[in-house]
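One structure below.
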Amino acid sequence: MDMAINFFYKTKIEEAEDNKIIPQYKFEIHPFDKVQGLVGQIKNLIDVVGMVTSVGRLEKRTNGAEKLDVALTDSRNEKMIVTLWEDRAYQFQASLQNTGQSPIFVVITGLLAKKFSDKPSLSSTDATRTYFDIDYKPLKDLKNALHEASAKAGVGLLPPTNVQFVTADEKSVQQLHIKDVLDIEIPPEKDQVRGLCMATITEIMEGNGWLYNCCSKCARAVHPTEEKYFCVACNDDNITVSQRYRVVARIKDDTGTTTVTLFNKEAEQLIGAPIQRLINELTEGTNMEEIPPAVKNIVGKLCAFQIKINNYNITNGCEEYTVTRVSECSNAEAGGSDTVNAGHKDKRVRLE
């Protein structure tokens, strides 16, 4: 049954000797493989224990909120991504700086389960706290189990690495140079693959516009017919029309150049403003095909682009690869050879 302690005006509180009866830490630890079943539940917060394997960089989302992605592993080598927001992210970064170059074990509490790219992940709440290398039995058990496993394998446990997170589903995305993208072959059993490319935006392609009219319900492009807009996907001509970003950009790295298409969410993230704000700022009589300065301002940005490569791109030689996620990088990360493995060969790259 639920119980509460009430403090009254005459309540006296006295310090007592620590007799170890009350545990210092009390968490409800959830195994990583149980998180999937907790997606969408908001009544019960989740506590997890894990070894930090990698830490992303602080990213600012379109709403201005900053987040930090942290990858954990457990004793069964299961992986879990934890996204820490705002103060929780800053606190984690500050604590990380004091841990030194050694394996880091943490308990992270007060999390909610989310679903991203068909994989469960965890997200911080106001109740989230992070405890580094504390005297807590499940944390000690994890540490011992991973040390034993690494010793048997003849390797040591490593401190966390710094990575560029673009997706929680790390195994399905291969890091590529632009030359790799242009030379890629898609396995017969797949109709598309995804790649992660770090490159600089060099140009916004004139003549492609920067927006499109769409059905407000399904976001599919629509075109006027007899002064009406008809949505093929909804099979309806009584629709509300809105506008969404469609920005075609030229990108470049050390190995070549190509063209990518940034749709609404990804374009807004780099431009830093919702499309309606830009439309409202246009003066009367402005050519809507003309690229606004706010859109042109993304030229020169170094970004990690997660792109989709399909058979149409390869068969028709179409280089307008769709960007499915994007994250702006600092110029300090421009050493692309450290982020993406080099070693190009004069033959097509095959993704397995």
Query raised in the report: In what sequence, highest mean first, do 289-298, 151-160, 259-268, 37-46 appear when ranked by Cβ atoms within 10 angstrom?
Result: 259-268, 289-298, 37-46, 151-160
Query raised in the report: Which order do His223, His30, His147, His177 take by accessible area at a 1.4 Å probe, largest first?
Result: His223, His147, His30, His177
Query - Surface/4 estimate of mean projected area, convex hull on alpha-carbon atoms of segment 80-148, nm² - result: 5.6 nm²
Query raised in the report: Beyond 20 Å, what percent of the Cα pairs of segment 213-289 remain?
Result: 48 percent
**Report entry** Read-out volume of the Cα convex hull per residue in Å³, derived from the coordinates shown; its label in (1) 180; (2) 242; (3) 144
**Finding:** (2)
Query raised in the report: So, in Å, what gap is there between the alpha-carbon centers of segment 215-231 and segment 22-100?
Result: 42 Å
**Report entry** Accessible surface of Thr315 - all protein chains present, 1.4 Å probe, nearest 10 Å²
**Finding:** 110 Å²
Report summary line: For Ser123, the accessible surface traced by a 1.4 Å probe with all protein chains present amounts, in square angstrom to the nearest 10, to 10 Å²
Report task. Please report the base-10 log of the normalised intensity I(q)/I(0) for segment 42-136, using a Debye sum with one equal scatterer per alpha carbon and no solvent, at each q in 0.19, 0.25 (1/Å). Result -> -0.92, -1.58
Query - Size of charge dipole - segment 103-150 - debye, nearest 20, with Cβ of Lys, Arg +1 and Asp, Glu -1, no other charges - result: 160 debye
Query raised in the report: Can you give the extra length, in nm with one decimal, that the chain gains between Ala151 and Ile291 once fully stretched, where that is 0.36 nm per residue apart less the Cα-Cα distance?
Result: 44.6 nm
Query - Bins of 5 Å from zero: percent of alpha-carbon pairs in segment 55-108 - result: 4, 17, 27, 24, 16, 8, 3, 0
Query raised in the report: Which GluC sites (Glu not before Pro) in segment 25-83 pass both tests, a DSSP loop state and at most 11 other beta-carbon atoms within 10 Å?
Result: Glu28
Query raised in the report: Using a 1.4 angstrom probe with every protein chain in place, what is the largest-first accessible-area order of Cys218, Cys231?
Result: Cys218, Cys231
Query raised in the report: Which residue, chosen from Ala4, Val70, Ala199, occupies the Cα position most advanced towards the positive end of the dipole of the chain, where the dipole is computed from +1 (Lys, Arg) and -1 (Asp, Glu) charges on Cβ about the Cα centre?
Result: Ala4
Report summary line: In terms of the charge dipole of the chain, which places +1 on Lys and Arg and -1 on Asp and Glu at the beta carbon, the residue among Asn310, Ala149, Pro224 farthest towards the positive end is Ala149
Report summary line: Heavy-atom accessible area with a 1.4 angstrom probe orders Met51, Met205, most exposed first, as Met205, Met51
Query - Probe 1.4 Å - accessible area at Arg220, Å² to nearest ten - result: 140 Å²
Report task. Tally up the carbon and sulfur contribution to the accessible surface of the chain as a whole percent, 1.4 Å probe, everything protein left in place. Result -> 47 percent
**Report entry** Evaluated at q = 0.17 Å⁻¹: base-10 log I(q)/I(0), Debye formula over Cα of segment 206-245
**Finding:** -0.41
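The values are calculated or read from the model by the stated rules, or taken from the named source; none is laboratory data. Note that this is a predicted model, so its numbers are computed, not measured. Note that we place each Cβ from the backbone using ideal geometry, even for glycine, and neighbour counts take in every protein chain shown. Areas reflect the complete protein model, heavy atoms only, side chains present, ligands, DNA and RNA absent. Shrake-Rupley method; radii C 1.70, N 1.55, O 1.52, S 1.80 Å.
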